[in-house]
Amino acid sequence: MAMAMQEEQRVVVMRHGDRVDHADPLWAANNPRPWDPPLTDAGLLRASTVASRILADGFHIHRVLVSPFIRCLQTAAQAIAALSPLPRINIKVSIEYGLSEMMNTQAMGILVSQIAPSIDRWFPDMSQLEAALPAATIDHSAEPLYQEVPKWGESVWEARSRYASVIKALADKYPDENLLLVTHGEGVGASVSFFEPGVEIYEVEYCAYSVLGRQQHKVGIEQGSEEEGLKNLRVLSTSGPTGIHYYYTTPAPAPAPSEVPDR
């Protein structure tokens, strides 16, 4: 017997907040882990503010999955506090290495590319990473799709494809939950360009987010019997209001009648 699912699943894909090395160009040169800058104070505030906006959209987030980079962990911690203002709202959180930054020079810069071949461990143990998250929310039973950070040297296209496959796999893994995936700019871009054909992304702001969704439907599996299933994910948010900006290289598809326009 199939498990009961909610009629509509929502997947929010969010970029981290403002990173300190973009505010202080000398930060990377003076730190032993130049690939992993934290958030600025403005970034912490932005993460909380944007998460409050997501809460106001009218659906609850059940689970947060987050890239292991500290800027994403800090963003997730701020978002969880804003998304669960009441004790009765129980959010589960876990780290997903598949949501990591693009592992290439384009994302990390020349300095990191020069030392990347000699880096044995990009991150500390999982328990140390989890220390940046609210302890009561951590789901220790969750198995990540990726057991480690992707290998250095992936192309931009390979990274975008990775993000799209991870987003789809996580939605399939937790079909009866609304998800918040905290990741990086290219991940947010891929969440639109791979699920909305004919789109060209030109800007993804800090804490920009997309909203994907799909509806439950009946799937016939044998003569005279049916099983609950989910339709393919589609982009519900639009260019601009949530901080991601794009245009259509082909005519935009008509919205489904059940969709509610963004505020």
- Note on the structure: Picked from region 193-206 (must be of a type in the set (A, V, I, L, M, F, W, C) and closer than 17 Å to M102 by Cα), the residue farthest from the chain's Cα centre (by Cα) is I201
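How about region 14-44: which of its residues are among the aliphatic types (A, V, I, L, M), surrounded by 15 or more Cβ atoms within 10 Å (Cβ to Cβ) and in a helix (DSSP H, G or I)?
So in region 14-44, the residues among the aliphatic types (A, V, I, L, M) come out as 14, 20, 23, 26, 28-29, 39, 42, 44.
In the following step, the residues that additionally are surrounded by 15 or more Cβ atoms within 10 Å (Cβ to Cβ) were identified as 14, 20, 28, 39, 44.
Within region 14-44, V20, A28, L44 qualify.
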- Query: Condition test on V188, is it more than 29 Å from P38 (Cα to Cα) and modelled with pLDDT of 90 or more?
  - Reply: no
- Message: For a quick check of your reading of the model, give me the residue pairs whose first member lies in region 103-119 and is within 15 Å of K151 (Cβ to Cβ), whose second is of a type in the set (F, W, Y) and open to solvent by 30 Å² or more (accessible area, probe 1.4 Å), with beta-carbon atoms closer than 6 Å and at least 6 apart or on different chains.
- Response: M103/W152; A116/W152
- Item | Condition check for S94: surrounded by 13 or more Cβ atoms within 10 Å (Cβ to Cβ), modelled with pLDDT of 95 or more, closer than 26 Å to R53 by Cβ and out of contact with any Lys or Arg (no Cβ under 7 Å at 6 or more places or on another chain) | yes
- Looking at (1) within 16 Å of the chain's Cα centre (by Cα); (2) small (G, A, S); (3) in a loop (DSSP other than H, G, I, E, B), which is the only condition A190 fails? (3)
- Item | Tabulated pairs, region 57-82, first polar (S, T, N, Q), second assigned to a loop (DSSP other than H, G, I, E, B) and surrounded by fewer than 21 Cβ atoms within 10 Å (Cβ to Cβ), C-beta under 8 angstrom, 6+ apart or interchain | Q74/P38; Q74/A132
- Task: Return the total of residues in region 120-174 being of a type in the set (F, W, Y), touching a residue at least 40 places away in the same chain (Cβ under 8 Å) and either in a helix (DSSP H, G or I) or exposed (fewer than 14 other Cβ atoms within 10 Å of the Cβ) (or both).
- Result: 1
- Message: Can you pull out every residue in region 14-50 that is basic (K, R) and either touching a strand residue (DSSP E or B) at 6+ places or on another chain (Cβ under 7 Å) or farther than 23 Å from Q106 by Cβ (or both)?
- Response: R15, R19, R46
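The values are calculated or read from the model by the stated rules, or taken from the named source; none is laboratory data. What you see is a predicted model; the values in this text were computed from it and never measured. Because the Cβ atoms are built from the backbone with ideal geometry, glycine has one as well, and the counts that use them run over all protein chains shown. Accessible surface areas use protein heavy atoms only, side chains included; no ligands, DNA or RNA. Shrake-Rupley method; radii C 1.70, N 1.55, O 1.52, S 1.80 Å.
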